[in-house]
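Below is one structure; the comments refer to it alone.
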Amino acid sequence: MTASTATDDRALDDRGTESATATLRRGLRMMPEFRRGLPATFALALVATAGRVVVPIAVQQTLDRGLGAAGGPDIPLVRELVAICALVVVVTAVAVYRMNVRLFRTTETALANLRVRAFRHVHDLSVLHQQGSAAGTWSPGSPATSTSCRSSCSGAACWAWSAWASSSWPPSSWPSTPGS
């Protein structure tokens, strides 16, 4: 791979970090679940955004043309504007609901598929590869996490030492309740 291909592929900015569009492209490439239904989600987002603009415009038109009309309040126009605004608010609410449901379902599906791919990758690794790797072997805080233990003894000995230390701690001679 040439340097220009790497730059085109990552779209690095002056600081050497990826641009937002490059990050989005890479995310869509890695998670195909997000691509399915994306145009419909954008359409719903557009309807939801347009619906949020309608209420202030309807209030302004109702005050200027309906209630502040030259010959007195124009009640039929006020009713018409309120009805149109109510319809647009309902359509906006449905669009926001559908968009959120689609995003939540897609996100959960993508996370579930990511977990499946990660577990599949771990299980596809050879046992020798997993035994040779020290990363992720011990949980933080266990006695066997010290560097000296990892470098001085084998994994089985460290495991045995950790099991013994955790089973014999605290000593049985300690009182089980405070004050006893």
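The values are calculated or read from the model by the stated rules, or taken from the named source; none is laboratory data. None of the values given here were measured: they were computed from a predicted structure. Note: ideal-geometry Cβ built from the backbone for every residue, glycine included; neighbour counts use all protein chains shown.
Data table
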| read-out | value |
| --- | --- |
| Count - residues of segment 25-64 that are acidic (D, E) and either within 16 Å of F104 (Cα to Cα) or surrounded by 13 or more Cβ atoms within 10 Å (Cβ to Cβ) (or both) | 1 |
| Flag if A118 is surrounded by 12 or more Cβ atoms within 10 Å (Cβ to Cβ) and either part of a helix (DSSP H, G or I) or at pLDDT 90 or above (or both) | no |
| Verdict on A22 being assigned to a helix (DSSP H, G or I), surrounded by 13 or more Cβ atoms within 10 Å (Cβ to Cβ) and not assigned by TED's automatic domain parsing to the domain that holds T109 | yes |
| Candidates T62, T41 - the one that is among the hydroxyl-bearing types (S, T, Y), in contact (Cβ under 8 Å) with a residue 40 or more places away in the chain, in the same structural domain as R117 (by TED's automatic domain parsing) and in a helix (DSSP H, G or I) | T41 |
| Tabulated pairs, segment 83-107, first over 30 Å from M31 (Cα atoms), second hydroxyl-bearing (S, T, Y) and part of a helix (DSSP H, G or I), C-beta under 9 angstrom, 6+ apart or interchain | C85/T62 |
| Any hit, segment 99-111, residues being closer than 28 Å to R35 by Cα, among the acidic types (D, E) and assigned to a helix (DSSP H, G or I) | yes |
